[in-house]
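Participant: Questions regarding the structure given below will be posed in turn.
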Amino acid sequence: MKLSALRIAEPCHEDWNVMPGDARERSCAACQTRVLNLSELSRAEAEAALARRPPDGRLCVRFARDEGGEIATRTHQEERLLAALQALAGRRRAEEAP
């Protein structure tokens with residue numbers, strides 16, 4: 001499954017902040033499953049996780065969306081940061097040019 005096709009049928013209301021784990025993956029005591037944070041994974045890792053869904057098709061995920069509504073993965077965030085840094089470097093070179 002591609003990230004762009006991801007739809008959440010029933011959003012979970014459990015508190016991510018009380019789940020044990022790290023920024024990438026936590027364990028939900030309410031449903032006894034792991035919850036993946038797609039926004040902390042690379043795009044390839046996130047799509048691989050979606051492709052490996054359990055046989056019952058149930059997969060718990062967390063993610064953030066960007067301004068355009070796309071799922072913001074680690075790759076997406078790094079690309080945006082790189083573009084911003086390149087723009088700043090270009091401005092600086094333009095300001096320093098005689």
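The values are calculated or read from the model by the stated rules, or taken from the named source; none is laboratory data. Predicted model only: the values in this text are computed from it and were never measured. Glycine gets a Cβ as well: all are built from the backbone with ideal geometry, and neighbour counts include every protein chain shown. The accessibility values were calculated without ligands, DNA or RNA, using every heavy atom of the protein model including side chains. Shrake-Rupley method; radii C 1.70, N 1.55, O 1.52, S 1.80 Å.
Participant: Normalised by the residues of segment 7-73, what does the relative contact order come to in percent, with Cα pairs under 8 Å and at least six apart?
Facilitator: 25 percent
Participant: While we're on this one: Rounded, prolate or oblate for segment 1-42? Axes are the square roots of the Cα gyration tensor eigenvalues, ordered a ≥ b ≥ c, and the cut-off for rounded is a/c under 1.5.
Facilitator: oblate
Participant: Another question, if that's okay. Out of residues 5 or more away from Ala64 or on other chains, whose amide H comes under 5 Å of its own, with H placed 1.01 Å from N in the peptide plane?
Facilitator: Ser39, Ala72
Participant: Using a 1.4 Å probe on the protein heavy atoms, what percent of the accessible area of the chain belongs to carbon and sulfur?
Facilitator: Numbers: 3640 of 7160 Å².
Taking all protein chains in place, the chain shows 51 percent carbon and sulfur surface.
Participant: Counting each DSSP H run of 4 or more residues in the chain as -39500 (n - 2.57), what helix-only mean residue ellipticity at 222 nm follows after dividing by all residues, to the nearest 500 deg cm²/dmol? If you can, show how the numbers build up before the last one.
Facilitator: Working: 2 runs with 32 residues, N = 98.
Helices in the chain give a 222 nm mean residue ellipticity of -11000 deg cm²/dmol.
Participant: Please give the solvent-accessible surface of Glu96 in Å², to the nearest 10, using a probe radius of 1.4 Å with every protein chain present.
Facilitator: About 120 Å², ignoring ligands and nucleic acids.
Participant: Could you give me the ³J(HN,Hα) list for segment 51-63, computed from phi with Karplus coefficients 6.51, -1.76, 1.60 and θ = phi - 60°, whole Hz, x at Gly and Pro?
Facilitator: Along segment 51-63, the couplings run 6, 8, 3, x, x, 6, x, 8, 9, 9, 9, 10, 6 Hz.
Participant: Antiparallel as a % of all DSSP beta bridges within the chain, to the nearest 5?
Facilitator: On the way: 7 of 10 bridges.
Percentage antiparallel, nearest 5: 70.
Participant: Out of Asp56, Asp66, Asp15, any idea which swings most in a Gaussian network model of the chain, alpha carbons joined below 10 Å?
Facilitator: Top of the fluctuation ranking is Asp56.
Participant: Might you tell me the accessible area per residue for the chain, computed with a 1.4 Å probe and given in Å²?
Facilitator: Details: 7160 Å² over 98 residues.
Counting only protein heavy atoms, the per-residue value for the chain is 73 Å².
Participant: Give me the net charge for the shell around Ala30: Cβ to Cβ below 11 angstrom, other residues only, Lys and Arg +1, Asp and Glu -1.
Facilitator: -2
Participant: Checking a compactness column here: for segment 27-98, what do you get for Rg(Cα) / (2.2 N^0.38 Å), N being the number of residues?
Facilitator: So the Cα radius of gyration is 1.63 times the expected 2.2 N^0.38 Å.
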